[in-house]
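Engineer: One structure coming up, written as structure tokens, with questions to follow.
Laboratory data are not the source of any read-out in this text; all were calculated from the coordinates shown. The shown structure was predicted, so the numbers you read here are calculated from the model rather than taken from an experiment. Here Cβ is always computed from backbone atoms with ideal geometry, including for glycine, and neighbour counts include all displayed protein chains.
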Amino acid sequence: MLNYITKKSPYIVLTMLLVLVSYIASAQQIGGNPPSVKWNQINTPTARVIFSKGLDSTAQRIANVIAHMNSLTVATIGNKQKKVNILLQHQTVISNAYVGLAPFRSEFYLTPDQNSFELGTLSWPDQLAIHEFRHVQQYNNFNVGLSKGLSILFGQAGQALGNDIAIPNWFFEGDAVYNETLVSRQGRGRLPYFFNSFRSLWTAGKDYSWMKLRNGSLVDYVPNHYPLGYIMVAYGREKYGDLFWSKVTHDAAAFKSPIYPFQSAIKKYAGVNYKIFQTEAFNHFKQQFKADGVVKPTKKAQHFVVDEEYPAYINDTTIIYVKSTYSQRPHFVIRTGEVEHEVGAMSVSLDHYFSYRNGKVIYTTYKPDIRWGNRMYNDLMLLDLQTGLEHRITHKRRYFSPAFSADGKRIVAVQMDMSGKSQLHVLDAVTGKLITAFANPKKYTHTYPQFYDDKTIVSTSRDSVGFVNIVLTDIQTGERKFAGGSGTPVGFTKVKSDGILFTRTYELKDRMFLLKDYNLFELQSPAHNGQLSFYQPASTLNKIAWVAPTAYGFRINQADRKDTRLIERIDNGVYDAPDMGITSLTKDSAASILESMPADTFAIKPYRKTTGLFNFHSLLPTFSDPNYTVALQGENVLNTFQSQVMFNYNRNEGYKETGFDVVYAGLFPFISAGFDYTVDRRLLVQNINVYWNELDFHGGLQVPLNLSGGKNISGLTFGSSLHYSKTAFQEVYANVLNRSYTYVSNTISFSNHIQQARQNIYPRLGQTFTVDYRQAINGLKANQLFLAGNIFLPGLFKNHSFVTNLAHQQSGQDNVFSFTNNFPFSRGYVAENLFNQDKFGFNYHFPIAYPDAGIANLLYITRVRANAFYDQTHGSYFYTVKTIKGTSTVTETRSTSSNFRSAGAELYFDTKWFNQHPLTFGVRYSRLLDKNIFGGSNPNVIELVLPVSFF
């Protein structure tokens, strides 16, 4: 839910620089909501909840949960309080949220996930409130010591810097998951699905190193920092008490030990070193799952192999499913026996759920709004397997988990509207036209609907307290009948000839069950032996299939129906959730407080869009030689207005520049405005330094458009800005050179590419291009046209890429001054801003190795890759020639052109620094095939390739 950046290094200064650069590079969605959205607020001492009209009850519930939870759980992390702004985003289709600094705020994306096993069955607003507000408590109490000193110097970004250096991201998320598990009767710490990743590794005998677990892998399946964090945090609470982590994090954030502050604090309060603590935490949870056993891995499955998901039977011998690998995007596959046939790639989707019937597949595809980044859609995509053609049958809807009727003529799907209400819709399978919408007065969250027969729909439905019912809905009358209920996660319903097949959490596994004549049976077979859990079941009269997690990916398993057996289970509707040996979950005074939450009514008032427009939050330094910049940055809570006050020193010329810029993104075009004032610009003229000052006022419009849809991720941005500039030269040149002028800058940029798989260096198909035209319109004569583009094509193997670069830049022959030079000159040469430049570049990128190795928790290398390149630039330029004619010296300006060709190779290292921060660096060798007219004479050039914003 929240991605924090964590560093661990004895080199504190270098760490700070890395984290700050990483922070500067990240930004939230600006201008994501249209101006038609009207905002209200609930203002309490702990949080201001900002929400759209119509979400009053949701906002009231979130405000209650936060107020009550804060009063009971704050002591376990600290007692400091600072109000946070929480923005409820109601137009997204993504289930997510975050809390961040700079500015300090949170956003909740209110559409719940269909998969109850992954996040649980709690009410989605409750889940967000108890998890995300724990992050608020963390930030409030980690502003101490050196972290506080950094916040005094650099604002909220300074605190983020200190916290990210001192405290690992696994703690932030592990502690928040522990909190959600503590205050509710569920939470991810009680869900078998949450532990599948580590259990899969342990049963396969894979005990990866700590650095590998922290940094991940491009070849092996490695759990993320959520389950890792919970294992560490839960064990710490269990072994050393409820206040253990508040002591550890306080000392770490304060940098009481300047070297490895977090590890040192653990050793101080646990009495054991960090490595022993890790080992003991893992051993505790291994003991809880010792019944899983250990299976010796086969030689053919040393690394991640493939994810196989959502099997559907075409007949007893043939299935269709979604296949994903680290080198290939998700695609549909038909398998008969051991023979596979690829049908085609899946369009961009939030999940891989689909339904099959009569040679056709229906699934949902993600479609963002063309302009407003927080408005999203999930439409139905129909794929014909015979022709391979697919088309979207709905437009700008929000559908999930579609399924065909038995005859394939109708579709049932879950519709989630922007108010958070869930409805079952029946649609025409050809046109997508709505046939029936079923009311949902009790506000259940529907998941995985299926046609039980021609007259009935079966679905799982979660209520507001997390209880899950299997519901039968009469299509004609809309009447509902409850066929069974549970406090455990239930989902992946499928209709069989003798009942309803589904997955349900039972003890320490997610198992397959059959509801038959309102009686509950667990379905077992010899093929289940040694498997952890069973998801996404499918069946025919003679066969049954399911998906099981392994250390090598989710894999499809099959069994004959005759080999299965049914074991009756008595369901009393009570869920005795396992605590995985963490008894502190029940002993704490805050345990299960969600069940007794009050329902206070808070005052609701309008929230003005002009509130806190400037909201200056951070002072950010940027060092990119020769420019050294400090910027005071501001951003309002709605993220419609960004502002910056800047000071820059240029080491080359020695000039000083101040500026102020604002961007308003609350309308269809972004509106920008600002000014820059530069003092002591310098130019050497006839061995004399000429100094002048510059003043520049500018304003413009920009339209960013998201054109993504189907299999393509595309964007188009165009805009125009108007600049008024004035120069003031020193007195001796004032009458000759002082001038004011106005110019306009017009830009268009476009990008389009298909999805990338995990190992793909670049998209296997894609294009980008940029057009930038600048024209002086008053005061002088000058213009410049810049064109650039890239074409991405597949290489000889799946993770190889051909990348072709094209560029052209031309300036007016009579230009009085030069515009900024953005031309990508041939590598290895010293570049100049030439009158006319054309470039062709060819690149072939390919991986060399995946080391998965690191040094001392400082540097971890995930991949080594290379690029062979050829560049050719043809440039035209002017030069002066002095000739003596009689007694006079005549100076002439002439033009000529030259080629600048180079070939060479680049070696790149994709790394993680301090167990978290991704950074790519490399070395480049260029062989210059032509004379380096503007540089040295050596044709062999070796350069370090570093991120531009790093130094």
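Engineer: So what are the ³J(HN,Hα) numbers for the range 309-314, from phi and the Karplus equation (6.51, -1.76, 1.60; θ = phi - 60°), rounded to whole Hz, Gly and Pro as x?
Structural biologist: My calculation for the range 309-314 gives 9, 6, x, 9, 7, 8 Hz in order.
Engineer: Relative to the present Cα-Cα distance, how much length would full extension add between Gln29 and Ile942 at 0.36 nm per residue of separation?
Structural biologist: Taking Gln29 through Ile942 to full extension adds about 324.8 nm, to one decimal.
Engineer: Which listed residue (Ser926, Ser895, Val864) has the Cα farthest towards the positive end of the charge dipole for the range 825-951, taking +1 on Lys and Arg C-beta and -1 on Asp and Glu C-beta about the Cα centre?
Structural biologist: Final value for the positive-end residue is Ser895.
Engineer: Another question, then. Which one, (1) 49.0; (2) 42.2; (3) 55.3, gives mean projected area of the Cα convex hull in nm² as derived from the coordinates shown?
Structural biologist: (2)
Engineer: Could you tell me the largest-minus-smallest coordinate of the C-alpha atoms of the range 825-951 on each of the three principal axes, in descending order and whole angstroms?
Structural biologist: Over the range 825-951, Cα extents along the principal axes are 75, 27, 23 Å.
Engineer: Compute the relative contact order of the range 825-951 as a whole-number percentage, counting only Cα pairs closer than 8 Å that sit 6 or more residues apart in sequence.
Structural biologist: Answer for the range 825-951 is 25 percent.
Engineer: Tell me, Arg565, Arg188 in order of fewest to most beta-carbon neighbours within 10 Å?
Structural biologist: Arg565, Arg188
Engineer: HN-Hα J couplings of the range 215-227 from phi, Karplus 6.51/-1.76/1.60, θ = phi - 60°, integer Hz, Gly and Pro as x?
Structural biologist: 9, x, 7, 9, 10, 10, 7, 10, x, 7, 7, 5, x
Engineer: Additional query: Could you pull the Rg and Dmax for the range 793-833, using just the Cα atoms, both in Å?
Structural biologist: In Å, with Rg to one decimal and Dmax whole: 16.2, 50.
Engineer: While we're here: Pop the C-beta distance of Ser876 and Leu806 into the FRET formula with R0 = 22 Å and round what comes out to the nearest 0.05.
Structural biologist: It comes out at approximately 0.80.
Engineer: I'd like to know which of Tyr844, Leu515, Phe451 lies farthest towards the positive end of the charge dipole of the chain, counting +1 on Cβ of Lys and Arg and -1 on Cβ of Asp and Glu.
Structural biologist: It is Tyr844, whose Cα lies furthest towards the positive end.
Engineer: Let me ask something additional. Rounded to the nearest 20 Debye, what is the dipole magnitude of the chain about its Cα centre when Lys and Arg each give +1 and Asp and Glu each give -1 at the C-beta?
Structural biologist: Its charge dipole is roughly 360 debye.
Engineer: For the chain, what is the mean residue ellipticity at 222 nm derived from helices alone (per DSSP H run of n ≥ 4: -39500 (n - 2.57); sum divided by total residues; nearest 500 deg cm²/dmol)?
Structural biologist: Dividing the helical sum by the residues of the chain leaves -5500 deg cm²/dmol.
Engineer: Only Lys, Arg, Asp and Glu count, each charged at its Cβ (+1, +1, -1, -1), so figure out the dipole size of the range 738-871 about its Cα centre, rounded to 20 debye.
Structural biologist: Result for the range 738-871 is approximately 280 debye, rounded to the nearest 20.
Engineer: Now, a different point. Counting other beta carbons within 10 Å of each residue's own, what order do Tyr724, Tyr235 fall into, fewest first?
Structural biologist: Ordered from fewest to most neighbouring Cβ atoms within 10 Å, Tyr724, Tyr235 come out as Tyr724, Tyr235.
Engineer: Compute the label zone of Ile276 within the range 238-264: residues whose backbone N is under 11 Å from the point 7 Å along Cα-to-Cβ.
Structural biologist: Those under the cut-off are none; the list is empty.
Engineer: Sticking with this one: What net charge is computed for the residues neighbouring Tyr139, neighbours being all others with C-beta under 13 Å from the C-beta of Tyr139, Lys and Arg scored +1, Asp and Glu -1?
Structural biologist: It works out to a net charge of +3.
Engineer: Any of Lys148/Lys656; Lys409/Lys494; Lys367/Lys798; Lys212/Lys256; Lys443/Lys509; Lys367/Lys443 with alpha carbons more than 20 Å apart? Name them for me.
Structural biologist: In this structure, Lys148/Lys656; Lys367/Lys798; Lys212/Lys256; Lys443/Lys509; Lys367/Lys443 exceed 20 Å between Cα atoms.
Engineer: Suppose the chain between Tyr724 and Phe842 were pulled fully straight at 0.36 nm per residue; how much longer would it get relative to their current alpha carbon spacing?
Structural biologist: That works out to 38.6 nm of additional length.
Engineer: Could you work out how far the C-alpha centroid of the range 298-351 sits from that of the range 499-526, in angstrom?
Structural biologist: 25 Å
Engineer: Now, a different point. Any idea how far apart Phe769 and Asp463 come out in nm if each label point goes 7 Å out from Cα toward Cβ?
Structural biologist: The two pseudo-label positions are separated by 6.0 nm.
Engineer: Give the distance, in whole Å, between the Cα centre of the range 209-246 and the Cα centre of the range 618-683.
Structural biologist: With the range 209-246 and the range 618-683 each reduced to a Cα centre, they are spaced 40 Å.
Engineer: Would you work out which of Leu385, Thr431, Ala776 lies farthest towards the positive end of the dipole of the chain? Charges go on Cβ: Lys and Arg +1, Asp and Glu -1.
Structural biologist: Selected residue: Ala776.
Engineer: Sorted from fewest to most neighbouring beta carbons within 10 Å, what does the list Glu132, Glu657, Glu943, Glu507 look like?
Structural biologist: Arranged by neighbour count, lowest to highest, Glu132, Glu657, Glu943, Glu507 become Glu507, Glu943, Glu657, Glu132.
Engineer: Further question: Let me know the charge dipole size of the range 825-951 about its Cα centre in debye, to the nearest 20, where only the beta-carbon of Lys, Arg (+1) and Asp, Glu (-1) is charged.
Structural biologist: 260 debye
Engineer: Roughly how many nanometres apart are two label points built 7 Å out from the Cα toward the Cβ at Ile791 and Asp600?
Structural biologist: 6.5 nm
Engineer: Shifting gears a bit: For the pair Thr436 and Lys38, how long in nm is the line joining their label points, each one 7 Å along Cα→Cβ?
Structural biologist: Here the answer is 3.6 nm between the modelled labels.
Engineer: So how do 150-156, 173-179, 791-797 stack up, highest first, on mean other-Cβ count within 10 Å?
Structural biologist: The densest-packed peptide leads the list: 173-179, 150-156, 791-797.
Engineer: Full-extension gain between Thr742 and Lys781, please, as 0.36 nm times their residue separation minus the C-alpha to C-alpha distance.
Structural biologist: 13.0 nm
Engineer: For a paramagnetic label modelled at 7 Å from the Cα of Tyr518 toward its Cβ, which residues of the range 474-488 fall within the zone defined by backbone nitrogen distances under 15 Å?
Structural biologist: Correct set: 480-485.
Engineer: So how tilted is helix 192-203 from the main axis of the chain? Cα-based, degrees 0 to 90, rounded to 10.
Structural biologist: For helix 192-203, the angle is close to 80 degrees.
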